[in-house]
Amino acid sequence: VSNDQFKRELGQVFDEMTGSHSAALPDRVRSSLANVPDQRGPFWIAGIAAVAIAVLVVGILMESINRQQPSIGPGVVPSPTASPSGSPTPNSSLPPFVCASSGVGATPAAPVAFVSAVRTGTHGAYDRLTVEFKNGQPTTIELRTQSGTGFTTSPKGDQVTLAGRNGILVVIHGADLHTSYTGSTDIKTGYATLVEVRQVEDFEGVVQLALGLTGAPCYRAFMLTNPDRLVIDIQAG
Amino acid sequence: MFVVTMEQRPQVLTSAAAGDADSFAILIEPLLDPAYRLAAVMLADRSSAEDAVQEASIKAWRKLRQLRGDVTSLRSWFLSIVANECRMTRRQRWWSVLKLADLPSAESAAQQSATSDLHRALLKLRPEDRLPLVLHFYLDLSLDEVARTLHVSPAAAKSRIYRAAKRLRSDLTLEEVF
C-alpha cells in the first residue's frame with residue numbers, strides 16, 4: 001500500500017461519511033455572528049462580576065422567599081415519559097399535534113431555570129426546537145399561536161417581524177436566557193417549516209421566544225428530563 | 001459570496017479583531033467546509049456536524065483576540081475549536097434525543113462495498129483517533145498544522161497519525177504513511 005493509495009482510499013471513505021454541508025450553512029453562521037453580542041473588550045470582567053453579584057442577590061432573595069412560603073409545592077408533571085438516559089422518544093408516546101394555544105406543565109425544582117441551550121433540527125415530518133434548562137425546570141410554559149409573524153419585544157415594546165407567514169409565541173415563566181446561555185438569540189434555520197427562532201423577552205424571570213413558521217402553527221410540545229428540556233415539534237405543512 | 005485575496009486577509013483579520021463581525025465571517029467562510037468535514041467525521045452525523053460548526057464559529061468570534069500568530073494560524077486555530085465543540089457535543093448525552101442517523105442509500109451502500117473494510121475499521125476507531133487522520137490525510141494539513149490543531153508537538157502529532165493509521169491497516173509501515 002503506497003502513501004498515495006492509502007490516502008486516496010481514506011479520502012473516499014471520508015467523502016462517503018461526510019457528504020457536503022447544506023447550502024444554508026454559511027448563511028446560518030453569518031446570521032449567528034451578526035446576532036452575537038460583542039462580549040470581548042475591556043468591560044468583560046465588570047460584566048462577569050455584575051452577573052455574579054446579580055445571581056448571588058437573586059439566589060439569596062429566592063432562598064428567603066422559599067423559607068417564608070414553605071407551602072408552595074411543585075406543579076404538574078409533564079405528559080410524556082422520558083427515559084432517564086436521554087434516549088430517543090418513540091412517536092407513540094408523544095402528544096398529538098395541535099393548532100391552538102396551550103400550556104406545557106413543568107415541575108419547578110428551582111426558583112429560576114437557566115436556559116443553557118437552544119437548538120433546532122429538521123426531521124422530515126416536523127422541525128424541532130429544543131430549549132434546554134439548567135438549575136431545574138421553569139414554572140409554566142405557554143404556547144400562543146398567531147397568524148402573521150409580528151411580535152412585540154418586552155420590556156422595550158419594539159415591533160419585530162420574523163421570517164415566515166405564521167407564528168408561535170413561547171412564554172416561559174420562571175426562567176432566564178442570560179445566565180447560562182451564550183448562543184445566538186436570533187436563529188435563522190433555513191428549514192422548510194420552522195424558519196426563525198428569536199428571543200423577544202428575557203426580563204424578570206420571563207423568557208419569550210418567537211417562532212416564525214412558513215405553514216400552519218401546528219405543533220406538539222412536551223417536557224423531557226435528564227437534562228430538563230422543552231421540546232416543540234412543528235408539523236411540516 | 002465574499003472573496004478575499006491572500007494579500008487582503010491580514011487587513012480583514014485586523015478589522016475582525018477590532019470587532020467587525022462581517023470581516024470575521026469573510027475570514028472563516030473558506031474554513032466552513034473543512035470544519036464541517038472534520039465535525040462530520042468526528043460525530044458521524046451531518047446535522048450535528050453543522051450545529052457544531054455554527055457553535056464553534058460563535059466561540060471563535062468571541063475568542064478571536066486569543067488567536068496567536070498571524071492569519072496563517074487561523075485554519076488550525078479554528079479547527080481546534082471545532083474539534084473541541086465536537087468533543088463537547090459527544091459528552092452531552094441528551095443530544096442523542098435529537099440525533100437522527102444518516103441512513104445510507106442503496107447506491108451509497110454499493111459504493112461502500114469497495115472500501116467497506118476500511119470504512120468499518122474507521123468507524124471502530126474512537127473519534128479522537130479519527131481526528132489526526134482527518135486532519136492529515138483528508139484536509140491535507142501539514143504535520144506542523146496538525147500539531148497546532150491538536151495542541152501537541154509535531155513529533156507527537158506524527159506518532160498519533162501513525163498509530164491511528166496502523167489501527168486501520170496493521171501492515172502499514174511508517175514510510176507508507178508519511
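The values are calculated or read from the model by the stated rules, or taken from the named source; none is laboratory data. Everything numeric here is computed off the predicted structure, so don't read it as measured data. FYI the Cβ positions are ideal-geometry reconstructions off the backbone, even for glycines, and counts take in every protein chain you see. These accessible areas exclude ligands, DNA and RNA; they are computed on the full protein's heavy atoms, side chains included. Shrake-Rupley method; radii C 1.70, N 1.55, O 1.52, S 1.80 Å.
Within region B:79-90, work out how many residues are touching a Ser or Thr at 6+ places or on another chain (Cβ under 8 Å) and under 25 Å from B:S15 (Cα atoms). Give the steps one after another, and end with the answer.
Initial filter on region B:79-90 (touching a Ser or Thr at 6+ places or on another chain (Cβ under 8 Å)): B:79-80, B:83, B:89.
Keeping just the survivors that are under 25 Å from B:S15 (Cα atoms) gives B:79-80.
Of the residues in region B:79-90, 2 are touching a Ser or Thr at 6+ places or on another chain (Cβ under 8 Å) and under 25 Å from B:S15 (Cα atoms).
For region A:121-156, give me each residue that is open to solvent by 70 Å² or more (accessible area, probe 1.4 Å) and of a type outside the set (S, T, Y).
A:K134, A:N135, A:R144, A:P155, A:K156
Which of the residues spanning region B:28-50 are open to solvent by 10 Å² or more (accessible area, probe 1.4 Å) and either without any contact (Cβ under 8 Å) to a residue 40 or more places away in the chain or among the charged types (D, E, K, R) (or both)?
Residues satisfying the conditions are B:E29, B:P30, B:D33, B:R37, B:R46, B:E50.
Based on what the data block shows, is A:A210 touching a residue at least 40 places away in the same chain (Cβ under 8 Å), among the hydrophobic types (A, V, I, L, M, F, W, C) and either open to solvent by 30 Å² or more (accessible area, probe 1.4 Å) or out of contact with any strand residue (DSSP E or B) (no Cβ under 6 Å at 6 or more places or on another chain) (or both)?
Details: touching a residue at least 40 places away in the same chain (Cβ under 8 Å): yes; among the hydrophobic types (A, V, I, L, M, F, W, C): yes; either open to solvent by 30 Å² or more (accessible area, probe 1.4 Å) or out of contact with any strand residue (DSSP E or B) (no Cβ under 6 Å at 6 or more places or on another chain) (or both): no.
Against the criterion (touching a residue at least 40 places away in the same chain (Cβ under 8 Å), among the hydrophobic types (A, V, I, L, M, F, W, C) and either open to solvent by 30 Å² or more (accessible area, probe 1.4 Å) or out of contact with any strand residue (DSSP E or B) (no Cβ under 6 Å at 6 or more places or on another chain) (or both)), A:A210 does not qualify.
Please verify whether B:H151 is surrounded by fewer than 16 Cβ atoms within 10 Å (Cβ to Cβ), within 18 Å of the chain's Cα centre (by Cα) and modelled with pLDDT of 90 or more, treating the condition exactly as stated. Before the answer, list the steps.
Details: surrounded by fewer than 16 Cβ atoms within 10 Å (Cβ to Cβ): yes; within 18 Å of the chain's Cα centre (by Cα): yes; modelled with pLDDT of 90 or more: yes.
Judged against the criteria, B:H151 is a match.
Confirm whether B:R120 is under 30 Å from A:L230 (Cβ atoms), at pLDDT below 90 and surrounded by fewer than 16 Cβ atoms within 10 Å (Cβ to Cβ).
Working: under 30 Å from A:L230 (Cβ atoms): no; at pLDDT below 90: yes; surrounded by fewer than 16 Cβ atoms within 10 Å (Cβ to Cβ): yes.
It is false that B:R120 is under 30 Å from A:L230 (Cβ atoms), at pLDDT below 90 and surrounded by fewer than 16 Cβ atoms within 10 Å (Cβ to Cβ).
Can you tell me which residue is nearest to B:P132 (Cα to Cα) among those in region A:17-28 that are open to solvent by 40 Å² or more (accessible area, probe 1.4 Å) and facing chain B (nearest Cβ under 7 Å)? Give the steps one after another, and end with the answer.
Here is the first cut: in region A:17-28, the residues open to solvent by 40 Å² or more (accessible area, probe 1.4 Å) are A:20-23, A:27.
Those left that are additionally facing chain B (nearest Cβ under 7 Å): A:21-22.
Working: A:H21: 21, A:S22: 25 Å.
Among those residues, the one meeting the criterion is A:H21.
Considering only strands (runs of 3 or more DSSP E) fully contained in region A:119-237, which possess at least 1 residues that are over 27 Å from B:K59 (Cα atoms) and more than 14 Å from chain B (Cβ to nearest Cβ)? Talk me through it step by step, then tell me what you get.
Working: elements: A:126-134, A:140-147, A:150-152, A:159-161, A:166-173, A:186-188, A:194-203, A:206-213, A:219-224, A:229-235.
In region A:119-237, the matching strands (runs of 3 or more DSSP E) lie at A:140-147, A:150-152, A:159-161, A:166-173, A:206-213, A:219-224, A:229-235.
Quick check on region B:66-87: of everything there that is over 14 Å from the mean Cα position of the chain (by Cα) and either within 14 Å of chain A (Cβ to nearest Cβ) or charged (D, E, K, R) (or both), which residue is least open to solvent (accessible area, probe 1.4 Å)? Let's see the steps before the verdict.
In the first step, residues of region B:66-87 are kept if they are over 14 Å from the mean Cα position of the chain (by Cα); the result is B:66-73.
Those left that are additionally either within 14 Å of chain A (Cβ to nearest Cβ) or charged (D, E, K, R) (or both): B:66-68, B:70.
Details: B:Q66: 121, B:L67: 25, B:R68: 207, B:D70: 84 Å².
Applying the filter and picking the extreme gives B:L67.
Every residue, every condition in (1) polar (S, T, N, Q); (2) at the interface with chain A (Cβ under 10 Å from one of its Cβ atoms); (3) more than 25 Å from B:V71 (Cβ to Cβ); (4) in contact (Cβ under 8 Å) with a residue 24 or more places away in the chain, yes or no:
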site	(1), (2), (3), (4)
B:L135	no, no, no, yes
B:S142	yes, no, no, no
B:H151	no, no, no, yes
B:A155	no, no, yes, no
B:R163	no, no, yes, yes
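I'm trying to understand the selection: among the residues of region B:56-65, which are more than 7 Å from chain A (Cβ to nearest Cβ), open to solvent by 20 Å² or more (accessible area, probe 1.4 Å) and within 12 Å of A:G183 (Cα to Cα)?
Residue satisfying the conditions is B:K59 alone.
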